[in-house]
Amino acid sequence: MQAQSRFHLHQKVTLMVNRYEVFADADGSPGELVAFVEQKRMTFREQVTIFTDATKAEVLARFAARKVLDVASAYDVLDGAGAPLGVFRKQFKQSLLRSTWVLEQPGLDSITVAERSMAIAIFRRLWSLLPYASDIPFFLRFHFDWTSAGRRVASFNKVTRLRDHYVIELDEPALDRRLAIAQSVALDALQSR
């Protein structure tokens, strides 16, 4: 999986659990399932498990918030055996207008993950304040650029209008794919926190 540079992330909404499927890219379309993710809703401390497939027999990675309630909480990402892969955290002040995260992996420079369009970022915030609008999926596509030392290392692009389907493109070969998948799931699952 580390050699893969492009993934497709699809969310499946159920009553008590958000589910995500991550597929390796196969000529621009979703190919082989490489990760199956579950996020329990309404938990006090955010914890997300990433499995190797839908059987949930083997854990690929997991991430959990360090604190119960914190607007700028850090999330530790661990591999299936519990060894640390890295950390990501939301930048609270910057995220007031444009969602911004910092992703850290040992041995790599920090990566800033930020919404590409300020206009769409502000419109998304206004949309969530409108009565009943927050019950309707946000219809504009939004994207995140991942940069380090002034260069793009990855991107996260919404490819559908109403469903949560994304394409993740990774330009940095040393970036751990499990860490990138965890951050990508967080970009969808944790945006409203």
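Only the coordinates and a few stated rules stand behind these numbers; no lab work does. Everything numeric here is computed off the predicted structure, so don't read it as measured data. FYI the Cβ positions are ideal-geometry reconstructions off the backbone, even for glycines, and counts take in every protein chain you see.
Data for the structure
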read-out: Cα-centre dipole for the chain with unit charges at Cβ (Lys and Arg positive, Asp and Glu negative), debye to 20; value: 820
read-out: Rounded to whole Hz, the Karplus (6.51, -1.76, 1.60) HN-Hα couplings of region 120-131, x for glycine and proline; value: 5, 4, 5, 4, 4, 5, 5, 4, 5, 8, 6, x
read-out: Sequence-distant residues sharing a close amide H with Gln4 (under 5 Å, placed H); value: none
read-out: Where Cα atoms sit under 20 Å apart: lysine pairs in region 6-189 separated by 8 or more or lying on different chains; value: 9
read-out: The chain: relative contact order in percent, alpha carbon pairs under 8 Å with at least 6 residues between; value: 17
read-out: Residues Met1, Met118, Met16, sorted so that the one with the fewest Cβ neighbours within 10 Å comes first; value: Met16, Met118, Met1
read-out: Where labels lie 7 Å past Cα in the beta-carbon direction, separation of Leu96 and Ser117 in nm; value: 2.4
read-out: HN-Hα J in Hz across region 96-102 - Karplus 6.51, -1.76, 1.60, θ = phi - 60°, x for Gly and Pro; value: 4, 9, 9, 4, 9, 10, 10
read-out: Simple label model, 7 Å out from Cα along Cβ direction - Ser5 to Ala81, nm; value: 2.9
read-out: Residue-averaged 222 nm ellipticity for the chain, from DSSP H runs of 4+ at -39500 (n - 2.57), nearest 500; value: -4500 deg cm²/dmol
read-out: Where GluC sites (Glu not before Pro) fall in DSSP loop in region 1-93, at most 14 other Cβ within 10 Å; value: Glu58
read-out: Segments 82-88, 148-154 sorted - mean Cβ within 10 Å per residue, highest first; value: 82-88, 148-154
read-out: Solvent-free Debye scattering, log10 I(q)/I(0), computed from the Cα coordinates of region 72-137 at q = 0.13, 0.14, 0.23 Å⁻¹; value: -0.50, -0.56, -0.95
read-out: Cα-centred dipole magnitude for region 87-193, charges only on beta-carbon of K, R (+1) and D, E (-1), debye, nearest 20; value: 340
read-out: Estimated distance in nm for a label pair at Ala57 and Ala26, the labels positioned 7 Å out from Cα along Cα-to-Cβ; value: 2.1
read-out: The chain - Rg and Dmax from Cα coordinates, angstrom; value: 15.7, 46
read-out: Amide H within-cut-off set for Thr100, under 5 Å, with H built and near neighbours excluded; value: Gln91, Ser95
read-out: Other-chain or far-sequence residues with amide H under 5 Å of Asp164's (modelled H); value: Gln11
read-out: Net charge contributed by nearby residues that have their C-beta within less than 10 Å of Ile122 (K/R +1, D/E -1); value: +2
